[in-house]
Amino acid sequence: MTTTAPPRTGAPVRPRRDGWIPASLLALAFVPSASGAARLVDLSGGRTTENARFFDLPVPILVHIFGATTFLLLGALQLWPSFRRRRPTWHRRSGRVLVPAGIAGGLAGMWMAVFSDLPAHDDTTLMWLRLLFGTVMVGGLVLGLRAIRRRDVRTHQRWMARSYAVAQGAGTQALFLGPYVLVAGQPAGTFKAVVMGAAWVVNLAVAEWLVRRSERRSGQPSR
């Protein structure tokens, strides 16, 4: 008579390695963060023809740089699943910094898009795109905050991911435009606006896909 061995229980579960998530996000955030730091150094050196438009609006540019950089760096850790599960208290506390920083940075960016002089290579199409996606970012943060207040975690995660995707637009835009700049120089007009708009759309599409995939893995129904 033969018997079947009972299934093994309590076997160690190999932890999922997800450190690539914050590493990738921080790498993508490097370009806008470094650009912001360079802008601060530039402004500290005095007014020039190149930075005159920023001297005309010093408060919005400072708020935008510090707010957006804080949002990008803290957001990379917020979107790290295993870190978030291990440190739920940190997640909540940093969220109280991250959300106001993101809202302030987004509003300051929209203010500059409207009230500062257009750079030589930009046009009004790009200005409207900045306003559109800035509204998505700020509105997403507000909706995400409202959702978590009523304990709707799924909706909170979706809106926070969308807002972060928009904030990371500058990094993706650098990836899209970088090769062109090296070969042909700085793009301008409608072409530049279309490429930068495409970067925001790609980021949002990827964020939506990742959030929905996470929901399917955790057994949460999509809606």
Among (1) modelled with pLDDT of 90 or more; (2) over 29 Å from Pro81 (Cβ atoms), the one test that Ser44 misses: (1)
Residues located in the range 60-83, provided they are farther than 18 Å from Arg162 by Cα and not hydrophobic (A, V, I, L, M, F, W, C): Pro60, His64, Ser82
Selection from the range 44-92 of residues that are among the polar types (S, T, N, Q) and not in a helix (DSSP H, G or I): Thr48, Thr49, Asn51
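For (1) buried (at least 19 other Cβ atoms within 10 Å of the Cβ); (2) at pLDDT 75 or above, each residue gets a yes or a no:
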| site | (1), (2) |
| --- | --- |
| Ala37 | no, yes |
| Arg53 | no, no |
| Leu57 | no, yes |
| Leu72 | yes, yes |
Pairs where the first residue, in the range 60-84, is closer than 30 Å to Phe115 by Cα and the second is polar (S, T, N, Q) and in a helix (DSSP H, G or I), C-beta under 8 Å, 6+ apart: Thr69/Ser33; Leu72/Ser33; Leu73/Ser33; Leu74/Ser94
Scan of the range 150-196 for residues that are surrounded by 17 or more Cβ atoms within 10 Å (Cβ to Cβ), farther than 19 Å from Val99 by Cα and among the hydroxyl-bearing types (Ser, Thr, Tyr), ordered by number: Thr172
The lone exception for Phe133 - which of (1) in contact with a Phe, Trp or Tyr (Cβ under 7 Å, 6 or more places away or on another chain); (2) modelled with pLDDT under 95; (3) of a type in the set (Phe, Trp, Tyr) it fails: (2)
Inter-residue pairs, beta-carbon under 8 Å, first farther than 15 Å from Leu177 by Cβ and surrounded by 14 or more Cβ atoms within 10 Å (Cβ to Cβ) and in the range 197-212, second at pLDDT 95 or above and among the hydroxyl-bearing types (Ser, Thr, Tyr), 6+ apart: Ala207/Tyr164
Flag if Pro22 is farther than 21 Å from Trp159 by Cβ and at pLDDT below 90: no
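For (1) acidic (Asp, Glu); (2) under 15 Å from Leu72 (Cα atoms); (3) assigned to a helix (DSSP H, G or I), each residue gets a yes or a no:
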site: Thr155; (1), (2), (3): no, no, yes
site: Met160; (1), (2), (3): no, yes, yes
site: Gln186; (1), (2), (3): no, no, no
site: Lys192; (1), (2), (3): no, no, yes
site: Asn203; (1), (2), (3): no, yes, yes
site: Glu208; (1), (2), (3): yes, no, yes
site: Arg212; (1), (2), (3): no, no, yes
Residue in the range 110-123 that is more than 24 Å from Pro22 (Cα to Cα), without any contact (Cβ under 8 Å) to a residue 12 or more places away in the chain and among the small types (Gly, Ala, Ser) present: no
Filter result for the condition that a residue is farther than 22 Å from Arg53 by Cα, within 19 Å of the chain's Cα centre (by Cα) and of a type in the set (A, V, I, L, M, F, W, C), over Leu74, Leu131, Leu126, Leu107: Leu74
In the range 111-120, the residues that are crowded, with 17+ Cβ neighbours inside 10 Å and over 9 Å from His64 (Cβ atoms): Ala113
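The values are calculated or read from the model by the stated rules, or taken from the named source; none is laboratory data. Everything numeric here is computed off the predicted structure, so don't read it as measured data. Cβ sites come from the backbone with ideal geometry, for glycine too, and all protein chains shown count toward neighbours.
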